[in-house]
Each structure stands twice: as C-alpha cells, then as structure tokens.
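Worksheet for the structure shown next.
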Amino acid sequence: MNSNNPEIGSTIQAGEFVTNYHDSGSGQPVLLLHGSGPGVSAFANWRLSIRDLSPYFRILAPDLAGFGYTQVPDGTEYSRRLWLQHIVDFLDALDVGKTHVIGNSFGGSMALALAIAHPDRIDKLILMGSCGVPFELTPGLDAVWGYEPSPENMKAIMRLFAYDQSLVSDDLAQLRYAASARDGVQGAYSSMFPAPRQRWVEALAYDDAQIRKISHPTLLVHGRDDKVIPLSTSERMLELIDNSQLHVFGRCGHWTQIEHADAFARLVHTFLTPNNT
C-alpha cells in the first residue's frame, strides 16, 4: 500500500490492463468488486471491509477498468463484457482458480456476470445493493451516473448514498471530489453511462432464466432506505436464486459496508465460514 495514498496498492498485468489492487490477509480468497460511484476505487469502497475481513480471509480488491488507479489505454470502450474479462484476467494473473465474491451495486452486476459465465470460479456469492435485474432508473442513480465534478456535486452524491448524513463531511466530500477530478478520470466516467441512462440499467441486468441457473449459496444484502438501487432488486433476486437469503438493514442507504461496517463484516464472516450455506 502506498503510504501517501492508501488507495494505491499493488499492480499486476491483467489482460490489457495494468491493474491496481489490494491483497490482504491469507486463507480462502474473497474477491471484492466495487460500485460505480464517481471517483470510486476499490479501497474507497471497501476499506472497512478489508480491515475487518482480512484477519480471516485473503481479500482481493481490484480497481476495475476505468476506475481508481488501474491504467486503461486511450479509446477503451467500456462494457459488461470488457469488465467481466478484466475480472477473469485478474483472477488468472493471481492464479486464483476459485473464490468467494462480494459485489457492491455495479460490482454486484459483475459478480452475477462471473457466476453466470464462469460458475466454476465462484464458491459463495454476496450481492450488496446490487444491480442485475431490470428496475426503473432512480433519481439517485441518474444523479450518480450523471455526476459533473465539483465539491458541491460530490457532497450531494454522497448524501444520496448515506442514510446517516453525519457521515458526509466536507473533508470527505473534498477527498472524493479530488479523486473524481484526477486527469482522465471524469472522461472515462462520463463515457460509461451517458444519458439516457435507463439503457444502462438494462445493460447491467440479466434474463430471469440466467439468474435462476445460479446455484451458488448466495447472500443478498440491502439497505432499506437505499435511494440509488431499490430494495426491490434484491427482493427479486431472492425469488430467482434458489439457494439465497436476504438481509435488510434498516436506517441504511447505499453504504451498507460503511454505515453498518461491523454488522456487515460479521454477517459476511458467518456466511462464508465453511459448512454455513
């Protein structure tokens, strides 16, 4: 980890991308897939989960192409196929054959992509505030994907994420704004989900039949008060995935892993412990 910037970890060549990632702890691997908020990185999304879960598992948290500090060639066109290939290439580069996967929001859709296309690569699956089924674009998600860099806009986005507004300080908003305004970051971000944005909800969704085929033990986690991804998405996936369970946190927005970090870590640890399905 870079002592001056904790978001910068190790680098590895994963397919065509020089990938920034965090590798903490030992034991059975757990792959953490971050969301698609502006200026996001694996560490910003998962820093508390890395801290809480690395005593028990080997935690792998990459910056997916177009996010964080992973290096992306000019002209890269982002798509579900590209991100899925990046994930597979990342696991191959680390010689990780099979892993637990935790996906947050956009990262949940990519965890589903891996489960559908490469079911042999996943042991247990955790989807937190996840995309993956069709829903009507929320004003919150429209604002997140339509973000234009400014400290004020970043603070407004972070207020959408958090139920507990005291978490959204000026210092944190400034830090995340700075991350979103780095050279090349906004250009990549604005190219991913341009308006009209309902089409990108559909692009990150899967057919019911595809989701029904998922046989992995699956834990769905959602904030009751999520203004970005509606709770109904997890309720629908609970219906579609046979071997699944749903845990809903009250007084919780789109930041379950931050707003309820301790309880989330305990829930994950229990679920991933051997013989618990």
*Calculate what fraction, in whole %, of the accessible area of the range 65-214 sits on carbon and sulfur atoms when a 1.4 Å probe is rolled over the protein chains.*
49
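About the Cα centre of the range 55-117, how large is the charge dipole given +1 on each Lys and Arg Cβ and -1 on each Asp and Glu Cβ? Please answer in debye to the nearest 20.
Numbers: 4 positive and 6 negative charges, 57 e Å.
So the dipole magnitude of the range 55-117 works out to roughly 280 debye.
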*Per-selection metrics, the range 164-203 (Cα): Rg and Dmax in Å*: 13.8, 35
*Only Cα pairs under 8 Å and at least 6 apart count here; give the relative contact order of the range 1-72 as a rounded whole percent.*
38
*Name the most mobile residue of THR76, THR99, THR11, meaning the one with the largest mean-square fluctuation, in a Gaussian network model of the chain with Cα contacts below 10 Å.*
THR76
*What percent do you get for the relative contact order of the range 1-130 when only Cα pairs under 8 Å and 6+ apart count?*
27
*Rounded if a/c is under 1.5, else prolate if a/b is larger than b/c, else oblate: which is the range 6-130, with a ≥ b ≥ c the root eigenvalues of its Cα gyration tensor?*
rounded
_Under 5 Å between amide hydrogens, which residues at least 5 positions from ASP123 or on another chain qualify, with H placed 1.01 Å from N in the peptide plane?_
THR99, HIS100, VAL101
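Could you compute how fast the chain diffuses translationally, taking Rh as the Kirkwood radius over C-alpha pairs and applying Stokes-Einstein at 37 °C with viscosity 0.692 mPa s? Give it in µm² per second. List each step's numbers first, then the result.
Numbers: Rh = 18.4 Å.
This corresponds to a translational diffusion coefficient of 178 µm²/s.
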*In square angstrom, what is the accessible area per residue of the range 1-143 with a 1.4 angstrom probe?*
36
*With springs only between Cα atoms under 10 Å apart, run a GNM on the chain and tell me which of LEU220, LEU127, LEU246 wobbles the most.*
LEU246
_Residue among PRO217, PRO196, PRO62 with the largest mean-square fluctuation in a Gaussian network model of the chain, springs linking Cα atoms under 10 Å_ = PRO196
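Mean separation of Cα pairs under 8 Å and 6+ residues apart, divided by the residue count of the chain: what relative contact order is that in percent? Working shown, then result.
Numbers: 571 pairs, mean separation 51.9, N = 277.
Over the chain, the number comes to 19 percent.
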*Kindly sort LYS155, LYS213, LYS227 by accessible area of their heavy atoms, largest first, with the probe set to 1.4 Å.*
LYS213, LYS227, LYS155
*Could you order peptides 201-207, 164-170 by the average number of other Cβ atoms within 10 Å of their residues, highest first?*
201-207, 164-170
*Cα centroids of the range 1-56 and the range 140-200: how far apart, whole angstrom?*
20
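Only helical DSSP H runs with n ≥ 4 go in: add -39500 (n - 2.57) per run for the chain, normalise by residue count and round the 222 nm mean residue ellipticity to 500 deg cm²/dmol.
About -11500 deg cm²/dmol.
The values are calculated or read from the model by the stated rules, or taken from the named source; none is laboratory data. Note that the coordinates shown come from a computational prediction; the quantities given were computed from them, not determined experimentally. Cβ atoms come from the backbone with ideal geometry, glycine included; neighbour counts cover every protein chain shown. These accessible areas exclude ligands, DNA and RNA; they are computed on the full protein's heavy atoms, side chains included. Shrake-Rupley method; radii C 1.70, N 1.55, O 1.52, S 1.80 Å.
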